[in-house]
Amino acid sequence: MTEIPILTLLIVIPAVFAGLIGLMSAESRESIRAVALVGTLVTFGASLAILPGFAVGEPGFQLVESAPWIPAWGVTYLVGVDGVSLLLVLLTTFIMPLVVLAAWDHEAGAKGFFASLLGLQAAMVGVFVALDLILFYVFFEVMLVPMYALIGIWGGANRRYAAVKFFLYTLVGGLLMLVAILYLYFAAGAQSFAYEAILGVELSTTEQTWLFLAFFAAFAIKVPLFPVHTWLPDAHTEAPTVGSVILAAVLLKIGGYGFLRFSLPYFPEASTTLAPPILVLAIVGILYGALVAMMQSDIKKLVAYSSVAHLGFVVLGIFALDVTASAGAVVQMVNHGITTGALFLLIGFMYDRTHSRVIADYSGLMKATPVFGGLFLVTAMSSVALPGLNGFVGEFPILLGTFQTYPWAAIAAVFGVILAALYLLWAYQRMFHGPIEGRAEGMTDLNAREIGVMAPLVILMVAIGLYPQPLYERVTPTVEAIVIGVEEAGVATEEPGDLSVEAAAEEDSQ
Amino acid sequence: MTDLASDPTTVDLFALAPELSVVVAALLILLVELALTGERKRYVNLIGLVGVVAALAFTVALWADIGDGARAAFGNAFVVDAYALLFKGLFLSVALFVLLLSYRYFSEFRTYQGEYYVLLLGSFVGMMLMVSARDLVMLFVALELVSIPGFVMAGLRKFDLRSNEGALKFFVMGVLSAAILLFGMSVVYGVTGTTDLAGIAVALETGERLPLLLAAVLFVIVGFGFKISAVPFHFWAPDTYQGSPVPVTAFLSVASKAAGFAGLLQVTFVAFAPLADVWAPVLGVLAILTMSLGNLLALQQTNVVRLLAYSSIAHAGYMLVPFGVATATDAALNSDAFRAVLIYLIAYAVMNSGAFAAVTAVTRSQPSRLVADYAGLGRRSPGLAAALSIFLLSLGGVPPLVGIWAKFFVFSVAVEAGTAFGLVLAAAVVLNTVVAMFYYLAVVRTMWMDEPTVEEPVAPGKALGFAVGGLAVLTVVLFLGIGVFTDVAGVSTLVASG
């Protein structure tokens, strides 16, 4: 094949630009940030080149590239995308130029800061496209170091604690996953770590359960799912603005991605039997996250806890084991990235001006800073899933699909939607309405650069909200294949139910 | 190996060339140092460098010469095969590195330069003999040749009480373990009637399992346990490491330990292979104890050298894991276990040497060696701080650094064993990796996130700067290119022949 290895380029370009920044003089802040912006823009441009080559409607992996790495051990450099990873890769490459632009005025240690951002981008893209389990593990862990640096060096007052907590939580999950990967490798005949080579391994129920739990640990921490979510509010609150944005927009998605990519296809039986308790955890996360968010006096913490709640919806959608719900979960991951990323950016812009994130410090921002207020309102509406905006087109299918398979879970989750509207709008009301008081006095409105950062995000919120079809038509075939795979495995062990009719029909036709 | 002469008096000079060139260099240093005066004495370092480089060249030439076969001398007591050459290459590279590290340290230190270099090179000759030894007597001689110069080198800083204490502890423990080892070997000889490693394996295969024999096997393992500072024979390590000159500490924690592991590999996987069901569980339990105790004690250290000392004890624990899953029957598994130890040693040598090199650089401007001295190093000397971060994160097992492969192969062999004990070992490594990461990160955090207490940058000097930079690059490059070592054919032939 003489085609351009586009996916590899998406990993290599940011890495090269990070290296380039490493070679530059620490004094030349202006050129460093320019190089960072160019690097992220070039990567975004290159990522758009995936779209024409990506066949819509195909469930499997496309644009696969491979190269030998450690042949003796069956470790290969193997990358490719399907509908799910496509969206997440695009989300990553889309958000990064905005992140660099948002951090345009960053001063302290600009060299390390922008190099970390680009290094992180290379690893994030790598995680989503890796189709070799060891390669996946490597990218999964590589992300730790730049993110640790972003939180630990450029974060808030309690940054050291938050950075170490983030690092160790992820490390534990990652190592358990590594052991499980090795177990799968030997169970599959010790030939290859390629994703598809391990797909059909025969495992006993006990093995499936334990391996599922090992993978689950890695991804549940990443999502994060209640009760292993405690690192997230710390990390979010202490991280610099762009760190929070990346964390919310991309890093948390790795958990949901991992569930869909590995947990469900590899351990269908365990996924089916363990789905109800996981749904309970998801619902606890939704309600608990919402309730704790309501009690926050710090707006950034509020958004951080709202992330716990939103990601609870994603897990709900995935483990509802229903095509509609799972597709909704993937779209919701993208939406959450856009919306929560935007919220963190707005809070960051505000904090840059007033150095306070305390809700009670503000009043009447709508009058003082109308552009800021307007953008915040739209974003908040998207976050509470107002129909017509992107939040709705993700959350609604999740609830719809979950209701088909686990009605009780859907009913419980609806309360989360109500609570979400409550805490965010309440905070909005306190900060933006009323007379101009406190720190709102004298606060300047957003400048052209900041509006430029927000504009693409707001446009996407509206665009996806009105016309989500392009997302769904790419995601659904992949998700359908995954969910049907789980159901088929369930048919083999359980009595056939309504859900497996489609799968059974497909079997008949073959 | 029937084609090789079995006459114990045959000497194959080419096979011995690497050892001989180091011996010649050592003797030359002894003579030349007498003729040099004052400042000039430091130039003896160059003689050592030349000798080591020549030995490396001979090693490469031998590698090309033997192909898939082997050369032998002294009636098969001394064998040069791919396994031995791989280790010799490793030892000589470390020797090169220690010489680079020593140059400025000992030219500033000014005393006993000639003696130091002779002892150092003598110890490396011992290591090279060790990996070629296929006979208990040869092994013992080699082990003592490694250890005894170590006792003296550890005590070189005579004016420092800590150095005296460290050297004395090292000596007492060393002599005790040597006695136990020798006693064990004598019983093994008494029972099997041979000192040849492969011959012992044959005798053990068929022979009766006398309780005395099993005890003797454990005695031999204890002797090596001291060398690799496995719990409970580790007490000497932190004090000795702290008291020794830093280049000596690097030597003890990397080369000397690797030699201990090489010896342990040879006796367990070759000579005692039929008794694996006896020694494997013992070493497995020692592995868990060693890594856990090493890490828990490392957590509490405020002195960087002591922290690295306990961390190196913990790493000995990880390296013992593959021994813990060895079996008497499954040759494929044994071969994989053997390879896991080998790859771990290579990775460990690179990253631990690097860490000690970086510490040496900082010690020069701040001799107290406290973790707190590293505050703000990222701002004072970003390059050095980045390199030390790379080494520490690699020791912790974070990709994209070579340390992850070390852990990977350990996990891999533990899972491959397919036993409950294997999974327990894997779980122990997971837990310990997380604990260890905590203190590695503490140092990294101090370097990058704390305010510097002094402002001036650290100037490591050319030789040391080259060593630190080169090892940092190697840590990354080996991550990508580890495949080179996974295919070393000779690695498994040693096990197969045993």
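The values are calculated or read from the model by the stated rules, or taken from the named source; none is laboratory data. Computed from a prediction, not measured in an experiment: that's the story for all the values here. Quick reminder, even Gly has a Cβ in these numbers, built from the backbone with ideal geometry, and neighbours come from all protein chains shown. Just so you know, the surface numbers come from the protein's heavy atoms only, side chains and all, with ligands and any DNA or RNA stripped out. Shrake-Rupley method; radii C 1.70, N 1.55, O 1.52, S 1.80 Å.
Overview of values
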quantity: Sum of -39500 (n - 2.57) over DSSP H runs of 4+, divided by residues of chain A (222 nm, nearest 500); calculated: -24000 deg cm²/dmol
quantity: Equivalent ellipsoid semi-axes, the range A:332-412, via Cα gyration tensor eigenvalues times 5, rooted, Å; calculated: 32, 12, 11
quantity: Value of relative contact order over the range A:309-421, rounded to a whole percent, pairs C-alpha under 8 Å and six or more apart; calculated: 38
quantity: Ratio Rg/Rh, restricted to the range B:342-471 and using Cα atoms, in which Rh is the Kirkwood radius; calculated: 1.06
quantity: The protein assembly as shown, dipole about Cα centre (Lys/Arg Cβ +1, Asp/Glu Cβ -1), debye to the nearest 20; calculated: 3680
quantity: Rounded accessible area of A:Tyr195 (nearest 10 Å², 1.4 Å probe); calculated: 20
quantity: Degrees between helix B:197-206 axis and first principal axis of chain B (Cα, 0 to 90, nearest 10); calculated: 50
quantity: Shielding by partners, peptide A:174-183 (average Cβ within 10 angstrom, other chains); calculated: 6
quantity: For the range A:6-501: span of alpha carbons on each principal axis (Å, largest first); calculated: 67, 54, 42
quantity: Interface burial for B against A (accessible surface, 1.4 Å probe, total of both chains, Å², rounded to 100); calculated: 2900
quantity: Radius, Kirkwood style, for the range B:130-288 when every pair of distinct Cα atoms is counted (Å); calculated: 16.0
quantity: Debye-sum result for the range B:165-236 in log10 I(q)/I(0), which assumes one identical scatterer on each alpha carbon, at q = 0.14, 0.21 Å⁻¹; calculated: -0.48, -0.84
quantity: Alpha-carbon gyration tensor eigenvalues x 5, square-rooted, for the range A:1-136, Å; calculated: 29, 17, 11
quantity: Radius 13 Å from Cβ of B:Leu388, net charge of other residues (Lys, Arg +1; Asp, Glu -1); calculated: +1
quantity: Set A:Lys300/A:Lys367; A:Lys222/A:Lys253; B:Lys169/B:Lys227 screened for pairs whose C-alpha atoms are more than 19 Å apart; calculated: A:Lys300/A:Lys367
quantity: Proportion of all alpha-carbon pairs of chain B beyond 44 Å (%); calculated: 9
quantity: Heavy atoms of A:Lys165: accessible area, 1.4 Å probe, square angstrom to 10; calculated: 40
quantity: Ellipsoid equivalent to the range A:152-193 - semi-axes via the Cα gyration tensor, in Å; calculated: 36, 8, 4
quantity: In the range B:125-229, the trypsin sites (Lys or Arg not before Pro) that fall in loop regions by DSSP, at most 15 other Cβ within 10 Å; calculated: B:Lys158, B:Arg209
quantity: The range A:127-195 versus the range B:129-151: alpha-carbon centroid distance in Å; calculated: 42
quantity: Solvent-accessible heavy-atom area per residue, rounded to whole Å², over the range B:17-497 at 1.4 Å; calculated: 32
quantity: Kirkwood hydrodynamic radius of the range B:133-204, Cα pairs, Å; calculated: 13.7
quantity: Ratio Rg/Rh, restricted to the protein assembly as shown and using Cα atoms, in which Rh is the Kirkwood radius; calculated: 1.01
quantity: All-pairs Cα distance distribution in the range A:350-491, expressed in whole percent, bin size 10 Å; calculated: 11, 29, 29, 18, 10, 3, 0
quantity: Surrounding net charge for A:Val99, when Lys and Arg each add one and Asp and Glu each subtract one, Cβ distance under 14 Å; calculated: 0
quantity: Chain A, relative contact order in percent, only Cα pairs under 8 angstrom and at least six apart counted; calculated: 15
